[in-house]
1. Taking only the range A:3-28 into account, find how many residues are within 15 Å of A:L101 (Cα to Cα), among the small types (G, A, S) and not in a strand (DSSP E or B).
2. For A:F103, work out the one condition from (1) over 18 Å from B:G96 (Cβ atoms); (2) within 14 Å of chain B (Cβ to nearest Cβ) it doesn't fulfil.
3. Quick one: B:S69 ticks every box in (1) under 25 Å from A:K49 (Cβ atoms); (2) under 11 Å from the mean Cα position of the chain (by Cα); (3) open to solvent by 40 Å² or more (accessible area, probe 1.4 Å) except a single one, so which number is it?
4. Report yes if some residue within the range A:69-76 is aliphatic (A, V, I, L, M), part of a strand (DSSP E or B) and within 14 Å of chain B (Cβ to nearest Cβ); otherwise report no.
5. Mind checking which residues of the range B:1-20 are within 26 Å of A:C90 (Cα to Cα), over 11 Å from the mean Cα position of the chain (by Cα) and not in a loop (DSSP other than H, G, I, E, B)?
6. Starting from the range A:54-80, keep only residues that are on the phi > 0 side of the Ramachandran plot, then list their pairs with residues that are open to solvent by less than 60 Å² (accessible area, probe 1.4 Å) and assigned to a loop (DSSP other than H, G, I, E, B) whose Cβ atoms are within a distance under 9 Å, requiring at least 6 positions of separation or different chains.
7. So which residues in the range B:21-48 are under 11 Å from the mean Cα position of the chain (by Cα), within 13 Å of B:G105 (Cβ to Cβ) and open to solvent by less than 20 Å² (accessible area, probe 1.4 Å)?
8. Select, from A:F18, A:F73, A:F62, the only residue that is open to solvent by 50 Å² or more (accessible area, probe 1.4 Å), of a type in the set (A, V, I, L, M, F, W, C) and at pLDDT 95 or above.
Amino acid sequence: GNSVTQMEGPVTLSEEAFLTINCTYTATGYPSLFWYVQYPGEGLQLLLKATKADDKGSNKGFEATYRKETTSFHLEKGSVQVSDSAVYFCALRMNSGYSTLTFGKGTMLLVSP
Amino acid sequence: SAVISQKPSRDICQRGTSLTIQCQVDSQVTMMFWYRQQPGQSLTLIATANQGSEATYESGFVIDKFPISRPNLTFSTLTVSNMSPEDSSIYLCSVGLPQETQYFGPGTRLLVL
């Protein structure tokens with residue numbers, strides 16, 4: 001079946017540090033890939049997405065590139081802020097027919113001033 | 001996009017009781033989904049609820065434990081029946097068309113004592 005693997009957290013960074021959260025996937029076919037973010041006490045919000053190989057999703061300074069050859073969709077940000085502290089979920093959804101999201105376990109990011 | 005609200009936002013319940021969670025969407029949607037997020041875990045799909053038909057449950061979830069109603073295109077309820085401490089989770093409502101972005105409500109935080 002399909003699955004998503006994320007690096008374990010928490011990831012602890014100082015403000016303005018560079019962020020990478022690794023995400024790899026296993027899928028029978030060509031999925032769309034997503035990053036969702038969950039701020040403390042809130043629901044999930046879509047952060048960015050990519051629907052085909054070599055696409056780059058970007059939003060709020062975050063970006064991730066769909067790499068088919070390495071089955072990866074790593075999340076990066078050049079300079080994190082305290083307000084970026086949240087849990088980040090990588091997810092996939094197959095592009096054929098009806099399909100729901102498959103989530104990774106989530107990675108908590110803690111940014112200190 | 002879709003704006004989703006859930007009630008209650010949180011609750012503390014006694015074991016053996018039942019809780020009904022409401023999900024309201026600001027636009028008409030065909031497909032609604034209910035997820036569970038256990039402490040420190042990722043999201044697990046409970047069921048898909050289409051208006052006018054029985055909900056479709058994922059493996060490990062049954063209608064007797066998690067009855068769902070979908071009376072119209074903007075509303076759904078999920079009941080957690082005969083609760084035990086293992087049911088302590090965040091329950092999230094989600095909407096989305098096939099191949100479209102999936103949106104999430106803020107979640108209902110349930111603690112069962």
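The values are calculated or read from the model by the stated rules, or taken from the named source; none is laboratory data. Just so it is clear, the model here is predicted, and its values are computed rather than measured. FYI the Cβ positions are ideal-geometry reconstructions off the backbone, even for glycines, and counts take in every protein chain you see. Ligands, DNA and RNA are stripped out before the accessible areas are found, and what is left, the full protein with its side chains, is counted by its heavy atoms. Shrake-Rupley method; radii C 1.70, N 1.55, O 1.52, S 1.80 Å.
1. Adding up the residues that qualify gives 1.
2. Tallying (1) over 18 Å from B:G96 (Cβ atoms); (2) within 14 Å of chain B (Cβ to nearest Cβ), A:F103 fails exactly one: (1).
3. (1)
4. No, that holds for no residue.
5. B:I4, B:S5, B:R10
6. A:D54/A:Y66; A:G61/A:G78; A:G61/A:S79; A:G61/A:V80; A:T71/A:A27
7. Selection gives B:I21, B:C23, B:M32, B:F33, B:W34, B:Y35, B:Q37.
8. One residue alone meets the criteria, A:F18.
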